[in-house]
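Visitor: Pasting a structure below so you can have a look.
The values are calculated or read from the model by the stated rules, or taken from the named source; none is laboratory data. The structure presented is a predicted model; accordingly, all values stated were derived computationally and were not measured. No Cβ is skipped: glycine too gets one built from the backbone with ideal geometry, and neighbour counts run over all protein chains shown. Accessible surface is based on the protein model in full, side chains and every heavy atom, while ligands, DNA and RNA are left aside. Shrake-Rupley method; radii C 1.70, N 1.55, O 1.52, S 1.80 Å.
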Amino acid sequence: MSRFNTIRFILGDQLTHAVSSLADADPTTDLIVMAEPADEATYVPHHRQKIVMILSAMRLFADELRERGFSVDYFDYQSRPTRSFTDALQASLKQHSIKQVIITESGEWRVKAEIDAWAAKLDVSVEVRPDDRFFAPLSEFAEFAENRKELRMEYFYRGLRRKTGILMEPEGKPVGGQWNFDHDNRKRLPDDITPPAPKSFTPDATTRDLLDHAHDDFPDALGSVASFGWAVTRDDALIALDHFITHRLPRFGDYQDAMTVRSATVYHSLISPYINVGLLLPNEVCRAAEKAYYDGKAPLNAVEGFIRQILGWREYVRGLYWFMGDSYGSDNHFDAKRPLPEFFWDGDVSMNCLKQAIGETLDHAYAHHIQRLMVIGNFALLAGLDPKAVCDWYLAVYIDAFEWVELPNTFGMALYADGGKMASKPYAASGKYIDRMSDYCQGCQFNPRKNSGTDACPYNALYWHFLDRNADQLGKNPRLGMPYRNWARMKDDNKRELIAQAEHFLTKLDNGKLAAKPAQTSLF
């Protein structure tokens, strides 16, 4: 007869001692179960740094639980391999004769479906608790979304500002007299400024063991582990947060949209993976940034811009993901069907902006939001790449990617594949935007100021080709009125030249003739 009466099942993105499933846990009566199922590591070809970071963080969190007196039934992929969470739970239930399971709600529809089947399949009582690490319960977003024709982040964000009091005056007005300082945060990085390196960490023994086996044990995964320097414990994640607040937040706002060959991360925090697996909590991160403003250590545009990414975008995309249902991601608004080019997997492409953004992604499992949206996502949109293939790639390659946060950002925002449920217009742009916000074009064989010719930036003709071929769906969008008026005023010969230029490029793309070996820099 087992001394335990309840299993507390902890998922790999719930590495928080205060998570709801552990809130009232008792080491004398509760058994902790954790697992590294093969299905989770292989359902997309995850970046090896992502696999190592999550598995190492899980193992070290299990050690912390043991230090607190808990017994942990841990199914690691090396000595106790299991195919699924269900198989691990079934084995533990059988071994310990337990009939009750408590778990915090999962972050993805796929895992929710597996958990929902446990009661009937395993003849066990299952209590699923809300994930209260977020600012807003899912019901709050559902109430916000009800009867709204447009689900825009800005209004949900304002509601959460009021609810939390973050960056709010006592009388209910936003600090600084406005909600959003985005217009102040679009500066190109000057040539004489070099951002400081982000905080990195020397891998411990647990992490080193995983790094040593990453290529052999996960042959179908992608990416290099050579630059691995991620935090895998809460203590180190807190150090990374403090380093960001002190050294990078003050200039984060001005240059949050900037891109440069001199720095893969500019002034970004690199703490999103820590928040997403539970090593850091969203509230403590936002409060740390808010305190930096009140202490005079960071300007308001930087602090508000950073907090908006967490209190605004992160909460919003999570709510949207669940509100839209498990079929979200199955549409294809533009009927885009082009396969993912090979250079998405090896970074071997002649366009310098893509070479930098994809190359840094493959080397480090990281790229910041403008690289993801306005370089890679913009290209995928303009070239008509298949949304399912693009979303699977984003889910695989980024260390902070879980479906609940990745799918809305990629499918809805970058690709507009949901037809505008998330974004008010497609984030389509020519090469001139990339040139304005980066120094990528300086080292590129293509000229962002040219629309046609062998050295013309492909984004330029692709932009007009995209608008032309999707005029029926987009022509009446008020936010696209100006470009469509410009297109209408353009001479027919110029239109034909642009269309021909784009189609010539797309033919080369389909034939795999865009190769050029990249040279990458260090992340940390």
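Visitor: Test Lys149 against the criterion of being modelled with pLDDT of 95 or more and out of contact with any Cys (no Cβ under 6 Å at 6 or more places or on another chain), and give yes or no. Explain how you work it out, then say what you get.
Guide: Details: modelled with pLDDT of 95 or more: no; out of contact with any Cys (no Cβ under 6 Å at 6 or more places or on another chain): yes.
When the stated conditions are applied, Lys149 does not pass them.
Visitor: Related question: Select, from Lys432, Lys355, Lys421, the only residue that is touching a helix residue (DSSP H, G or I) at 6+ places or on another chain (Cβ under 9 Å), in a loop (DSSP other than H, G, I, E, B) and open to solvent by 10 Å² or more (accessible area, probe 1.4 Å).
Guide: On the way: Lys432 fails: in a loop (DSSP other than H, G, I, E, B); Lys355 fails: in a loop (DSSP other than H, G, I, E, B).
Being touching a helix residue (DSSP H, G or I) at 6+ places or on another chain (Cβ under 9 Å), in a loop (DSSP other than H, G, I, E, B) and open to solvent by 10 Å² or more (accessible area, probe 1.4 Å) holds for just one of Lys432, Lys355, Lys421, which is Lys421.
Visitor: OK, next. Of the conditions (1) surrounded by 15 or more Cβ atoms within 10 Å (Cβ to Cβ); (2) touching a Ser or Thr at 6+ places or on another chain (Cβ under 6 Å), Ile166 clears all except one; give me its number.
Guide: (2)
Visitor: What tally of residues in the range 160-179 results from selecting those that are in a loop (DSSP other than H, G, I, E, B) and in contact (Cβ under 8 Å) with a residue 12 or more places away in the chain?
Guide: Matching residues across the range 160-179 total 3.
Visitor: Give the residue, chosen from Pro203, Pro219, that is touching a helix residue (DSSP H, G or I) at 6+ places or on another chain (Cβ under 8 Å) and more than 28 Å from Asn409 (Cβ to Cβ).
Guide: Result: Pro203 is the single residue among Pro203, Pro219 that is touching a helix residue (DSSP H, G or I) at 6+ places or on another chain (Cβ under 8 Å) and more than 28 Å from Asn409 (Cβ to Cβ).
Visitor: Is it fair to say Pro448 is open to solvent by less than 10 Å² (accessible area, probe 1.4 Å), farther than 30 Å from Ala231 by Cβ and without any contact (Cβ under 8 Å) to a residue 40 or more places away in the chain?
Guide: In short, yes.
Visitor: Return yes when Ser139 is open to solvent by less than 50 Å² (accessible area, probe 1.4 Å), among the polar types (S, T, N, Q) and either more than 30 Å from Phe181 (Cβ to Cβ) or in a helix (DSSP H, G or I) (or both) and no when it is not.
Guide: no
Visitor: When only residues in the range 18-66 that are among the basic types (Lys, Arg) and open to solvent by 30 Å² or more (accessible area, probe 1.4 Å) count, which is farthest from Asp220 (Cα to Cα)?
Guide: The first filter runs over the range 18-66 and keeps only residues among the basic types (Lys, Arg), leaving 48, 50, 59, 66.
Next, only the ones that are open to solvent by 30 Å² or more (accessible area, probe 1.4 Å) stay: 59, 66.
Numbers: Arg59: 23, Arg66: 33 Å.
Among those residues, the one meeting the criterion is Arg66.
Visitor: Another question about this same structure. Restricting to the range 212-234, and then to whatever is in a helix (DSSP H, G or I) and open to solvent by 20 Å² or more (accessible area, probe 1.4 Å), can you tell me which residue is farthest from Gly278 (Cα to Cα)?
Guide: Taking the range 212-234 as the starting set, the residues that turn out to be in a helix (DSSP H, G or I) are 212-217, 234.
Among the residues that remain, those that are also open to solvent by 20 Å² or more (accessible area, probe 1.4 Å) are: 212-213, 215-217, 234.
Details: Asp212: 25, His213: 25, His215: 26, Asp216: 28, Asp217: 25, Arg234: 8 Å.
In this case the residue turns out to be Asp216.
Visitor: Does Glu497 meet the test of being among the acidic types (Asp, Glu), open to solvent by 10 Å² or more (accessible area, probe 1.4 Å), outside any loop (DSSP other than H, G, I, E, B) and closer than 30 Å to Pro273 by Cβ?
Guide: no
Visitor: Here is a further query. Quick one: how many residues across the range 71-100 are in contact (Cβ under 8 Å) with a residue 60 or more places away in the chain, touching a helix residue (DSSP H, G or I) at 6+ places or on another chain (Cβ under 7 Å) and in a loop (DSSP other than H, G, I, E, B)?
Guide: Final tally of qualifying residues: 1.
Visitor: Same structure again: For the range 324-348, name all the residues that are in contact with a strand residue (DSSP E or B) (Cβ under 7 Å, 6 or more places away or on another chain) and either in a loop (DSSP other than H, G, I, E, B) or open to solvent by less than 70 Å² (accessible area, probe 1.4 Å) (or both).
Guide: Selection gives Ala336, Arg338, Leu340.
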